[in-house]
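The values are calculated or read from the model by the stated rules, or taken from the named source; none is laboratory data. What you are looking at is a predicted structure, and each value in this text was computed from that prediction instead of being measured. When we count neighbours, we look across all protein chains shown, and the Cβ atoms used for this are built from the backbone with ideal geometry, even at glycine.
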Amino acid sequence: MAFTAFSSQAAVEQAPRKRSFIALVLLLPGIAYLLLFFLAPLISLVITSFQAPDLYGDIGDYVTAFRWENYTDAIGEYWPLILRAFGFAVVATVLALVISYPIAYFIGVKARRWPLLQSLMLTLVIAPFFISFLLRTLAWKQIMSDEGPIVQFLKSVAILPSDGHLTGTTFSVIFGLTYNFIPFMTLPLYATLERLDVRYLEAGADLYASPWTTFRKVTIPLSMPGIVSGTLLTFIPAAGDYINASRDFLGSTSTAMVGNAIEANFLVLQNYPAAAALSIVLMAVILVIVGLYVRRAGTEDLI
Amino acid sequence: MSGVTPARGLDEAMFDAGPASGSPSRPGRRIRFRGLGLPIYTVLALLFLLIPIAYTFVFSFNDSGKLNIAWQGFTFDKWTSVCSVQGLCESFGNSIIVGLTATVLATALGTLIAIALVRYRFKARSAISLLLFLPMATPEVVLGAGLAAQFLTLGTEKGLLTIILAHTMFCISFVVVTVKARVASLDPALEEAGRDLYGSPSQVFWRITFPLLLPGIAAAALLSFALSFDDFIITNFNSGSVDTFPKFIYIAAARGIPAQVNVIASAVFLLALVLVVVAQVSRAARAKRLAKLLP
């Protein structure tokens with residue numbers, strides 16, 4: 001497919017042909033793997049999303065068709081879950097950005113004089129990666145449970161009504177999403193802020209910009225690449241997540257996101273076309289949002 | 001919990017914009033207070049990140065029955081009876097097998113791609129970059145459902161092999177990104193010198209290129225293993241009846257997690273922490289040695 005480009009280039013001169021041949025050998029195994037196990041599955045997902053139930057088969061048997069209603073049915077049934085997924089993901093991304101930026105700023109700019117402190121703090125930022133994602137989320141569920149200290153305290157100061165809960169609410173799901181993705185936000189922010197030249201900030205102050213103006217007009221634009229990759233690394237997995245919103249973790253049936261519907265339709269109800277249609281909708285919306293966002297933020301080379 | 005207000009830290013970040021911004025007329029005590037806001041916020045935020053880890057660790061010593069929710073007293077028993085929970089150690093072993101295999105495959109395939117992307121010019125570059133970027137921009141639930149749909153169409157039996165195939169797929173792009181940075185920082189003159197000294201292409205690769213790339217390759221391999229070991233969403237779609245450690249937790253979550261799960265997670269956490277600290281300390285020591293050698 002993509003490799004036809006090599007032949008035309010190779011015909012021009014002797015040396016590049018040999019080099020293109022080496023490039024082809026280096027690329028072929030990995031690219032073939034991605035075509036087989038990434039691109040082909042996406043295509044089978046599209047095919048599955050149009051399948052119709054097999055009239056003569058069991059539950060879970062489908063035949064290839066062009067059943068457009070799979071999409072309208074799935075969106076008609078699950079549109080609140082789709083909206084909730086993107087709403088939760090946007091809120092969690094903004095919260096993670098606001099919480100992470102000062103952390104990254106301190107580690108990347110202020111702590112430069114102490115490299116040991118810098119590496120210790122970075123280790124603490126990535127420490128949650130070393131313990132299972134599911135277990136961290138379950139730990140929050142126990143901490144926020146009705147018998148837990150936080151609910152007891154909130155009830156005693158009457159912030160929470162005596163029959164109130166924290167788990168299974170919109171709050172706990174967004175809380176879990178924010179918590180779980182803070183490291184994904186902090187690391188790219190740190191990577192750009194670490195290279196920030198503080199002389200630009202001094203120049204801003206010398207030109208009588210207030211600290212707020214310097215921050216808004218110098219620091220933020222210079223850290224834009226980190227902001228873009230951090231928000232993408234948070235937003236994309238958060239929109240598709242179904243652990244935090246799951247009943248057994250921090251959610252309840254009233255907080256279900258589109259990921260929960262995809263899982264239930266595929267693995268429990270064996271309604272593969274509905275799950276596939278919802279997956280395609282989720283991916284399409286994410287690609288549109290990411291495309292617009294990346295273009296607006298002006299960072300083109302992501303890899 | 002998130003009682004630390006981020007606005008305060010941000011405020012500090014702005015006010016501390018540069019050393020030149022501190023006007024001498026400001027009273028000394030106030031300046032010192034200002035300077036402390038950001039470090040205090042950062043320490044509190046880092047402690048907040050550690051809360052669930054501390055919780056998991058403490059509850060690995062809980063003298064609990066089947067359910068590990070309320071604190072029942074301190075015991076070492078769970079640490080010595082890890083495998084007494086049915087299926088737990090088997091799932092952990094599966095996670096190790098999957099993690100190691102997927103890491104080796106993804107690191108090999110991704111490293112070759114990274115070398116090609118930096119060293120060679122070819123017309124399909126943008127298409128290949130897109131193909132490498134897309135798996136990272138696709139939510140895991142879509143990757144998982146897509147592979148599951150493909151295995152369903154092909155009639156492939158789900159099991160350890162399908163989990164490994166899935167994990168290798170999502171690790172490749174991360175390996176490429178990590179190793180690419182290392183290849184780009186490599187001075188081609190070193191390899192030219194090797195060729196000038198009549199080194200064969202394989203000698204040049206194994207004696208010069210590979211050792212220089214090794215830190216990047218090692219980082220990519222560690223990242224792959226961590227991603228694979230902790231993956232649940234894609235595994236859930238492609239594992240059939242085989243359990244990995246995260247899948248064991250997911251299934252157990254419905255009826256209550258035994259404390260032995262906390263034991264394994266805490267042990268893995270401590271091992272990873274030791275590895276990272278050792279790596280950092282040895283890097284700092286090497287930097288110091290190098291600094292001594294230079295005048």
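Which condition does B:Val4 not pass, out of (1) in contact with a Leu (Cβ under 7 Å, 6 or more places away or on another chain); (2) of a type in the set (A, V, I, L, M, F, W, C); (3) modelled with pLDDT of 75 or more, if it passes all the others?
Status for B:Val4: all satisfied but (3).
Please state which one of A:Thr192, A:Thr213 is of a type in the set (S, T, N, Q) and more than 20 Å from the chain's Cα centre (by Cα). Spell out the reasoning first.
On the way: A:Thr192 fails: more than 20 Å from the chain's Cα centre (by Cα).
Only one candidate passes the filter, namely A:Thr213.
Condition check ((1) at the interface with another protein chain (Cβ under 10 Å from one of its Cβ atoms); (2) over 26 Å from B:Leu273 (Cβ atoms)) across all residues:
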| residue | (1), (2) |
| --- | --- |
| B:Leu36 | no, yes |
| B:Tyr41 | yes, no |
| B:Phe48 | yes, no |
| B:Ile51 | yes, no |
| B:Thr56 | yes, no |
| B:Phe61 | no, no |
| B:Ser64 | no, no |
| B:Asn68 | yes, no |
| B:Trp71 | no, no |
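Please tell me if A:Met185 is within 8 Å of chain B (Cβ to nearest Cβ), buried (at least 16 other Cβ atoms within 10 Å of the Cβ) and modelled with pLDDT of 90 or more.
no
Would you confirm whether or not region A:293-300 contains a residue that is assigned to a loop (DSSP other than H, G, I, E, B), exposed (fewer than 15 other Cβ atoms within 10 Å of the Cβ) and at pLDDT below 90?
Yes, region A:293-300 contains a residue that is assigned to a loop (DSSP other than H, G, I, E, B), exposed (fewer than 15 other Cβ atoms within 10 Å of the Cβ) and at pLDDT below 90.
Quick one: which residue in B:Ala219, B:Ala279, B:Ala259, B:Ala265 is under 21 Å from B:Cys171 (Cα atoms), aliphatic (A, V, I, L, M) and at pLDDT below 95? Spell out the reasoning first.
Values: B:Ala279 fails: under 21 Å from B:Cys171 (Cα atoms); B:Ala259 fails: under 21 Å from B:Cys171 (Cα atoms); B:Ala265 fails: under 21 Å from B:Cys171 (Cα atoms).
Being under 21 Å from B:Cys171 (Cα atoms), aliphatic (A, V, I, L, M) and at pLDDT below 95 holds for just one of B:Ala219, B:Ala279, B:Ala259, B:Ala265, which is B:Ala219.
Of the numbered conditions (1) within 23 Å of B:Phe76 (Cα to Cα); (2) more than 11 Å from chain A (Cβ to nearest Cβ), B:Val274 fails exactly one; give the number of that condition.
Going through (1) within 23 Å of B:Phe76 (Cα to Cα); (2) more than 11 Å from chain A (Cβ to nearest Cβ) one by one, B:Val274 breaks only (2).
For B:Leu161, work out the one condition from (1) in a helix (DSSP H, G or I); (2) more than 10 Å from every other protein chain (Cβ to nearest Cβ); (3) in contact (Cβ under 8 Å) with a residue 12 or more places away in the chain it doesn't fulfil.
(3)
Inside region B:222-295, counting only helices (runs of 4 or more DSSP H) that do not spill past its ends, which hold 1 or more residues that are out of contact with any Lys or Arg (no Cβ under 8 Å at 6 or more places or on another chain) and closer than 30 Å to A:Ser279 by Cα?
Per the criteria, B:233-238, B:245-253.
Does A:Phe175 satisfy the condition of being on the phi < 0 side of the Ramachandran plot, within 12 Å of chain B (Cβ to nearest Cβ) and crowded, with 18+ Cβ neighbours inside 10 Å? Break it down stepwise before answering.
Details: on the phi < 0 side of the Ramachandran plot: yes; within 12 Å of chain B (Cβ to nearest Cβ): yes; crowded, with 18+ Cβ neighbours inside 10 Å: yes.
It is true that A:Phe175 is on the phi < 0 side of the Ramachandran plot, within 12 Å of chain B (Cβ to nearest Cβ) and crowded, with 18+ Cβ neighbours inside 10 Å.
Looking at (1) more than 9 Å from chain A (Cβ to nearest Cβ); (2) crowded, with 23+ Cβ neighbours inside 10 Å, find the lone condition where B:Ser241 falls short.
Going through (1) more than 9 Å from chain A (Cβ to nearest Cβ); (2) crowded, with 23+ Cβ neighbours inside 10 Å one by one, B:Ser241 breaks only (2).
Do we have A:Ser229 as in a helix (DSSP H, G or I), within 11 Å of chain B (Cβ to nearest Cβ), buried (at least 18 other Cβ atoms within 10 Å of the Cβ) and within 26 Å of the chain's Cα centre (by Cα) here?
For A:Ser229, the condition - in a helix (DSSP H, G or I), within 11 Å of chain B (Cβ to nearest Cβ), buried (at least 18 other Cβ atoms within 10 Å of the Cβ) and within 26 Å of the chain's Cα centre (by Cα) - is met.
Looking at A:Ala10, A:Ala52, which is the one that is in contact with a helix residue (DSSP H, G or I) (Cβ under 8 Å, 6 or more places away or on another chain), modelled with pLDDT under 85, more than 21 Å from B:Thr162 (Cα to Cα) and more than 7 Å from chain B (Cβ to nearest Cβ)?
Only one candidate qualifies: A:Ala10.
Among B:Thr103, B:Thr111, B:Thr107, which is the only one that is part of a helix (DSSP H, G or I), in contact (Cβ under 8 Å) with a residue 24 or more places away in the chain and away from chain A (no Cβ under 14 Å)?
On inspection, the qualifying residue turns out to be B:Thr103.
State whether one or more residues within region A:232-250 are surrounded by fewer than 23 Cβ atoms within 10 Å (Cβ to Cβ), over 21 Å from B:Ile251 (Cα atoms) and more than 9 Å from chain B (Cβ to nearest Cβ).
no
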